[in-house]
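These notes concern the structure reproduced below.
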Amino acid sequence: MSAFVKILALSLIASSVSEALSYVLVYRTEQFQQLKQKVVQGESRLEEERHSTAGNSKNRQRRIESIESQLSTARSKASRLQLRNMLVVALIQLVSVYQVNAIYGGEAVGTLPFEPLSMFRGLTHRGLPEDSPNNACSATFIFVLGGLMFKAVIDRYLQLGMPKGSSLPKWVTNPEDVISGKK
(Lines give C-alpha, C1' and ligand atoms only; values in the text may rest on other atoms or scores of the structure.)
Protein backbone atom coordinates (compact mmCIF):
# COMPACT_ATOMS: atom_id res chain seq x y z
CA MET A 1 0.00 0.00 0.00
CA SER A 2 1.34 3.43 -0.93
CA ALA A 3 2.28 6.05 1.64
CA PHE A 4 -0.45 8.34 0.28
CA VAL A 5 -3.19 5.78 1.02
CA LYS A 6 -1.73 5.03 4.46
CA ILE A 7 -1.76 8.73 5.32
CA LEU A 8 -5.36 9.08 4.19
CA ALA A 9 -6.26 6.03 6.31
CA LEU A 10 -4.55 7.59 9.34
CA SER A 11 -6.43 10.80 8.66
CA LEU A 12 -9.74 8.91 8.51
CA ILE A 13 -8.96 7.15 11.79
CA ALA A 14 -8.00 10.40 13.54
CA SER A 15 -11.13 12.16 12.27
CA SER A 16 -13.34 9.23 13.31
CA VAL A 17 -11.84 9.13 16.80
CA SER A 18 -12.27 12.90 17.12
CA GLU A 19 -15.92 12.75 16.07
CA ALA A 20 -16.59 9.77 18.36
CA LEU A 21 -15.17 11.74 21.30
CA SER A 22 -17.23 14.75 20.25
CA TYR A 23 -20.32 12.59 20.33
CA VAL A 24 -19.51 11.22 23.78
CA LEU A 25 -18.48 14.54 25.33
CA VAL A 26 -21.03 16.89 23.76
CA TYR A 27 -23.51 15.77 21.14
CA ARG A 28 -25.24 13.00 23.08
CA THR A 29 -25.69 15.01 26.29
CA GLU A 30 -29.22 15.97 27.21
CA GLN A 31 -28.29 19.63 27.58
CA PHE A 32 -26.93 19.82 24.03
CA GLN A 33 -29.93 17.96 22.62
CA GLN A 34 -32.29 20.44 24.32
CA LEU A 35 -30.33 23.39 22.92
CA LYS A 36 -30.36 21.84 19.46
CA GLN A 37 -34.13 21.35 19.67
CA LYS A 38 -34.58 24.98 20.78
CA VAL A 39 -32.57 26.17 17.79
CA VAL A 40 -34.54 24.03 15.32
CA GLN A 41 -37.87 25.21 16.75
CA GLY A 42 -36.68 28.82 16.89
CA GLU A 43 -35.57 28.77 13.27
CA SER A 44 -38.92 27.39 12.13
CA ARG A 45 -40.77 30.03 14.21
CA LEU A 46 -38.51 32.71 12.74
CA GLU A 47 -39.24 31.60 9.18
CA GLU A 48 -42.98 31.51 9.89
CA GLU A 49 -42.83 34.98 11.40
CA ARG A 50 -40.84 36.40 8.49
CA HIS A 51 -43.35 35.06 5.98
CA SER A 52 -46.38 35.99 8.07
CA THR A 53 -48.46 38.99 7.14
CA ALA A 54 -50.56 39.02 10.31
CA GLY A 55 -50.26 41.96 12.69
CA ASN A 56 -48.69 45.33 12.18
CA SER A 57 -45.12 45.75 11.12
CA LYS A 58 -43.77 47.01 14.46
CA ASN A 59 -45.14 44.09 16.48
CA ARG A 60 -43.94 41.60 13.91
CA GLN A 61 -40.48 43.17 13.91
CA ARG A 62 -40.36 42.94 17.73
CA ARG A 63 -41.35 39.26 17.61
CA ILE A 64 -38.67 38.59 15.00
CA GLU A 65 -36.03 40.34 17.12
CA SER A 66 -37.15 38.37 20.18
CA ILE A 67 -36.86 35.06 18.35
CA GLU A 68 -33.46 36.04 16.94
CA SER A 69 -32.31 36.91 20.46
CA GLN A 70 -33.46 33.51 21.78
CA LEU A 71 -31.67 31.76 18.90
CA SER A 72 -28.50 33.71 19.60
CA THR A 73 -28.62 32.78 23.29
CA ALA A 74 -29.15 29.08 22.53
CA ARG A 75 -26.30 29.06 20.01
CA SER A 76 -23.90 30.75 22.43
CA LYS A 77 -24.75 28.21 25.16
CA ALA A 78 -24.09 25.40 22.68
CA SER A 79 -20.77 27.00 21.74
CA ARG A 80 -19.74 27.04 25.40
CA LEU A 81 -20.58 23.34 25.63
CA GLN A 82 -18.49 22.62 22.56
CA LEU A 83 -15.40 24.48 23.80
CA ARG A 84 -14.11 21.61 25.96
CA ASN A 85 -14.67 19.27 23.04
CA MET A 86 -12.74 21.51 20.65
CA LEU A 87 -9.71 21.42 22.95
CA VAL A 88 -9.76 17.61 23.08
CA VAL A 89 -10.14 17.35 19.30
CA ALA A 90 -7.28 19.83 18.78
CA LEU A 91 -5.05 17.75 21.06
CA ILE A 92 -5.88 14.57 19.13
CA GLN A 93 -5.11 16.28 15.83
CA LEU A 94 -1.81 17.70 17.12
CA VAL A 95 -0.67 14.29 18.37
CA SER A 96 -1.72 12.74 15.05
CA VAL A 97 0.17 15.32 13.00
CA TYR A 98 3.23 14.77 15.19
CA GLN A 99 3.03 11.01 14.57
CA VAL A 100 2.65 11.48 10.82
CA ASN A 101 5.67 13.80 10.82
CA ALA A 102 7.66 11.26 12.84
CA ILE A 103 6.82 8.45 10.40
CA TYR A 104 6.94 10.29 7.06
CA GLY A 105 9.13 13.34 7.86
CA GLY A 106 11.25 14.45 4.92
CA GLU A 107 9.50 12.14 2.46
CA ALA A 108 7.52 13.50 -0.49
CA VAL A 109 4.36 11.39 -0.67
CA GLY A 110 2.68 13.09 -3.59
CA THR A 111 3.15 15.40 -6.51
CA LEU A 112 0.86 18.30 -7.22
CA PRO A 113 -0.14 18.83 -10.86
CA PHE A 114 0.93 22.47 -10.52
CA GLU A 115 3.48 24.55 -8.69
CA PRO A 116 1.81 26.15 -5.64
CA LEU A 117 2.05 29.87 -5.03
CA SER A 118 4.95 30.83 -2.80
CA MET A 119 2.65 31.69 0.11
CA PHE A 120 1.21 28.13 0.04
CA ARG A 121 4.51 26.37 -0.53
CA GLY A 122 5.19 26.37 3.21
CA LEU A 123 2.04 24.31 3.70
CA THR A 124 2.67 21.85 0.90
CA HIS A 125 6.37 21.44 1.74
CA ARG A 126 6.07 21.15 5.54
CA GLY A 127 8.89 18.84 6.65
CA LEU A 128 10.41 18.34 3.18
CA PRO A 129 14.05 19.14 2.45
CA GLU A 130 14.86 22.38 0.63
CA ASP A 131 16.06 20.58 -2.51
CA SER A 132 12.72 18.81 -3.11
CA PRO A 133 10.81 19.77 -6.27
CA ASN A 134 8.43 22.70 -6.01
CA ASN A 135 5.40 20.59 -6.84
CA ALA A 136 6.17 17.88 -4.24
CA CYS A 137 3.77 17.52 -1.36
CA SER A 138 4.42 16.43 2.20
CA ALA A 139 2.64 13.87 4.37
CA THR A 140 1.51 16.61 6.75
CA PHE A 141 -0.26 18.45 3.96
CA ILE A 142 -2.07 15.29 2.81
CA PHE A 143 -2.98 14.39 6.41
CA VAL A 144 -4.43 17.83 7.19
CA LEU A 145 -6.41 18.03 3.94
CA GLY A 146 -7.70 14.49 4.46
CA GLY A 147 -8.70 15.32 8.03
CA LEU A 148 -10.64 18.38 6.92
CA MET A 149 -12.40 16.38 4.25
CA PHE A 150 -13.26 13.39 6.46
CA LYS A 151 -14.47 15.59 9.32
CA ALA A 152 -16.79 17.49 6.99
CA VAL A 153 -18.16 14.26 5.52
CA ILE A 154 -18.70 12.65 8.94
CA ASP A 155 -20.39 15.80 10.29
CA ARG A 156 -22.59 16.03 7.22
CA TYR A 157 -23.84 12.44 7.29
CA LEU A 158 -24.23 12.03 11.05
CA GLN A 159 -25.66 15.56 11.54
CA LEU A 160 -24.16 15.83 15.00
CA GLY A 161 -23.65 19.55 15.49
CA MET A 162 -26.00 22.48 15.54
CA PRO A 163 -28.09 23.10 12.42
CA LYS A 164 -26.41 25.56 10.08
CA GLY A 165 -29.65 27.26 8.91
CA SER A 166 -29.90 30.93 9.76
CA SER A 167 -26.51 31.11 11.48
CA LEU A 168 -25.07 32.06 8.10
CA PRO A 169 -24.81 35.77 7.37
CA LYS A 170 -27.64 37.30 5.35
CA TRP A 171 -25.32 38.14 2.44
CA VAL A 172 -24.60 34.40 2.05
CA THR A 173 -28.14 33.07 2.36
CA ASN A 174 -29.92 35.81 0.42
CA PRO A 175 -27.52 38.05 -1.51
CA GLU A 176 -30.28 39.58 -3.69
CA ASP A 177 -31.92 41.18 -0.64
CA VAL A 178 -28.60 42.60 0.54
CA ILE A 179 -27.79 44.06 -2.88
CA SER A 180 -31.24 45.58 -3.32
CA GLY A 181 -31.19 46.96 0.24
CA LYS A 182 -34.17 44.99 1.59
CA LYS A 183 -34.25 44.01 5.27
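The values are calculated or read from the model by the stated rules, or taken from the named source; none is laboratory data. Computed from a predicted structure; not experimentally measured. Quick reminder, even Gly has a Cβ in these numbers, built from the backbone with ideal geometry, and neighbours come from all protein chains shown. Remember, those area values only see protein heavy atoms, side chains included, never the ligands or the DNA or RNA. Shrake-Rupley method; radii C 1.70, N 1.55, O 1.52, S 1.80 Å.
Worth a mention:
- Distance between the 7 Å Cα→Cβ label points at GLN41 and LEU91: 3.5 nm.
- Loop-located trypsin sites (Lys or Arg not before Pro) across region 10-48 with a Cβ neighbour count of 11 or fewer within 10 Å are ARG28, with loop assigned by DSSP.
- In region 1-110, GluC sites (Glu not before Pro) in a DSSP loop with at most 16 other beta-carbon atoms within 10 Å: GLU107
- Of the residues SER52, PRO129, LEU87, the one whose Cα sits farthest toward the positive end of the charge dipole of the chain, with +1 on the Cβ of Lys and Arg and -1 on the Cβ of Asp and Glu, is SER52.
- Hypothetical label at MET149: residues of region 1-36 whose amide nitrogen lies under 17 Å (7 Å Cα-Cβ projection): 2-16
- Computed FRET value (nearest 0.05) for ALA9 with GLN33, which takes r as the C-beta separation and R₀ as 41 Å: 0.80
- Among (1) 8, 25, 23, 20, 15, 6, 1, 0; (2) 9, 38, 36, 14, 3; (3) 9, 35, 31, 8, 6, 6, 3, 1, the entry that matches P(r) over Cα pairs in 10 Å bins from 0, in percent as calculated here: (1)
- THR111 versus ASP131: modelled label distance in nm, points set 7 Å from Cα along the beta carbon direction: 1.8
- Amide H contacts of GLY110 (H built 1.01 Å from N, under 5 Å, at least 5 apart or other chain): CYS137
- Principal-axis analysis of the Cα atoms of the chain puts helix 30-51 at an angle of about 60° to the longest axis.
- Alpha-carbon centroid distance for the pair region 56-116 / region 1-27, whole angstrom: 16
- The amide H of THR29, built 1.01 Å from its N in the peptide plane, has no neighbour under 5 Å, considering only residues 5 or more places off or on other chains.
- Nearest 10 degrees, 0 to 90: helix 139-158 Cα axis against the chain principal axis: 30
- Surface accessible to a 1.4 Å probe, per residue, for the residues of region 1-89, Å²: 64
- Here the chain has 60 percent of its accessible surface on carbon and sulfur atoms, given a 1.4 Å probe and all protein chains in place.
- The C-alpha atoms of the chain define a longest principal axis, and helix 3-22 lies at about 30 degrees to it.
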